[in-house]
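So the structure is just underneath, and the comments pick up after that.
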Amino acid sequence: IFKGWKVGAGSHVTAGTPIAEVEVPSRRLTASVEGPIEWQSETIKAPTWGSISAEQPLKSGMKISDQQVGPTIATISASPPWWCNILGLVVLLFCFLCCLLPCVRKRQTAEWHEAKPLLKTGLTFDTGTEMRTVIPEYRPLGIKHNNEAPIVVHEFTVNSYAKNQLPIEKGWKLVAVDGEQLNDSTNFKEVSEKIGEYMQDLPLWPLPLEFRLKTGEVKRLEFTERPIGVVFKPTSPIRVHSVTEGSPASRAGVQAGWQVIKIGDEDTNGKRPFSEVSTIFKEGVAAIDTSCGSQKALAGQDTFIENTEAEEKPKVSPTTQKSCLVCLPGPGRSSPTVEDL
C-alpha cells in the first residue's frame with residue numbers, strides 16, 4: 001500500500017536517499033486464512049545518484065499494484081549533483097581570469113616602458129655592503145667630497161639636504177648618475193658636470209634662518225638667493241647690525257637688532273664664537289643661488305652652473321671653496337668691524 005513520496009520530481013538524490021514510504025504485509029494475526037493481516041512500514045530508497053525525472057501518480061492508501069503502470073514507481077536520471085554546476089562556473093571564471101591577467105600585465109609593462117625615459121633613475125652609491133639608489137627632489141645635495149673623484153661622502157655641509165632628507169651616509173661612494181656608470185673615474189670635473197646636468201632643473205633646497213626678535217618672539221625665514229643682505233657685528237651672540245635695502249633679507253622683513261639663533265640645522269643660540277658662527281653662515285649661504293643668476297648651486301660642495309653672455313648653454317664647473325662661500329657687496333664697506341654676508 002502506497003503511503004507517500006519522500007521527494008518530488010526534479011529532486012537530486014544519492015544512493016540510499018528515501019524515495020517513497022509504503023506498507024507491506026508482515027503476518028496474519030490469527031491462524032485463520034481469512035484473519036486480519038499486520039502491516040509494517042518500509043522505505044523505498046534510491047539505488048543510485050541522479051535526479052527524479054518521473055513519478056507514478058500514486059494515491060496514498062491504495063495498493064500500488066492497482067495504480068502502477070510499468071515495473072517502477074519512479075525514474076532516476078543519472079546527472080551530476082547540483083553543486084557540480086556551481087563548481088563548473090567557478091572553474092570557468094578562474095580560467096577566464098588566468099587568460100586576462102597576462103594581457104593586463106602586458107599592457108601595464110608597455111605603459112611603464114613608454115614612460116620610463118621620462119623618469120630620472122637617481123644617484124647610485126656604493127655603501128660598502130650594497131648598491132643604494134636615491135632620487136633627489138631638491139638641489140644641492142650638501143655633501144663634502146674634497147673635490148676629488150671618485151666622489152666619496154666625507155662630511156655634510158650646513159643645512160645639508162642629503163643629511164636631513166635623503167638616506168645618504170658618510171663613507172658612501174657615488175658610482176652612477178642617472179643610470180650612467182662612473183667606473184671609478186678620477187676626473188673630478190667630468191663627474192661634477194654629470195651631477196650638474198642631472199640636478200640643474202631641480203628646485204633649490206632653501207636655507208632656513210631663525211631669529212629672536214627684540215620682543216622675544218622667534219621667527220623662521222627661508223632664503224634661496226645670495227647675498228642675503230645682512231651685516232653683523234663681530235660679537236657673540238650674533239645680531240643683525242644692518243640690512244641692505246632691496247636685498248632678500250630686506251624683502252623678508254629682517255631688522256637690525258635681531259639675534260640669529262639657528263642657521264640651517266646648526267644652533268647658534270649659545271656662546272659660540274663669532275668666527276665660528278660666521279663660518280657656519282658662509283657655508284650655509286654658499287649652497288643657494290646668486291640673486292643675479294650668475295651661479296646656481298648644484299651638488300653641494302663647490303659645484304655651480306656659471307652663466308655668461310658668451311655661452312649659449314650653462315656650463316657646470318667646480319670652483320674653489322673660497323670663491324663660493326661668500327658674496328661680499330664690494331669695496332664700499334662702512335666699517336672693518338662689520339662682516340657682510
Handout entry: In region 150-242, GluC sites (Glu not before Pro) in a DSSP loop with at most 13 other beta-carbon atoms within 10 Å
Key = Glu217
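Please sort 199-208, 63-72 by packing, taking for each peptide the average over its residues of neighbouring beta carbons within 10 angstrom, highest first. Can you show the working numbers first?
On the way: 199-208: 17.2, 63-72: 10.7.
Peptide ranking by packing, descending: 199-208, 63-72.
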Handout entry: Positive minus negative residues near Gln67 (Lys, Arg vs Asp, Glu; Cβ under 12 Å)
Key = 0
Fill in the blank from the handout: Taking R0 as 22 Å and r as the Cβ-Cβ distance between Asn85 and Ala54, the FRET efficiency 1/(1 + (r/R0)^6), rounded to the nearest 0.05, comes to 0.55
Handout entry: Under 11 Å, Cβ to Cβ, from Ile44 - net charge with Lys/Arg +1 and Asp/Glu -1
Key = +1
Problem - Rg in Å to one decimal, and Dmax rounded to a whole Å, for region 141-186 via C-alpha atoms - result: 10.7, 30
Problem - Global geometry of region 246-295, whether rounded, prolate or oblate, following the gyration tensor of its Cα atoms and the 1.5 cut on a/c - result: oblate
Practice task
Keeping all protein chains in position, work out how much accessible area Ile195 exposes to a 1.4 Å probe, and write it in Å² to the nearest 10.
Solution key: 10 Å²
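What net charge do the residues around Thr127 carry, taking every other residue with its C-beta under 12 Å from that of Thr127, with Lys and Arg at +1 and Asp and Glu at -1? Intermediate values should be presented prior to the final figure.
Numbers: positive: Arg132, Lys170, Lys173; negative: Asp126, Glu130, Glu169.
That works out to 0.
Quick one: what do you get for region 137-281 if you divide its Cα Rg by 2.2 N^0.38 Å? Intermediate values should be presented prior to the final figure.
Values: Rg = 18.0 Å, N = 145, 2.2 N^0.38 = 14.6 Å.
Relative to the 2.2 N^0.38 Å estimate, region 137-281 comes out at 1.24.
The values are calculated or read from the model by the stated rules, or taken from the named source; none is laboratory data. No experiment lies behind these values; they were computed from the predicted model shown. All Cβ positions, even for glycine, are placed from backbone atoms using ideal geometry, and neighbour counts span all protein chains on display. Accessible surface is based on the protein model in full, side chains and every heavy atom, while ligands, DNA and RNA are left aside. Shrake-Rupley method; radii C 1.70, N 1.55, O 1.52, S 1.80 Å.
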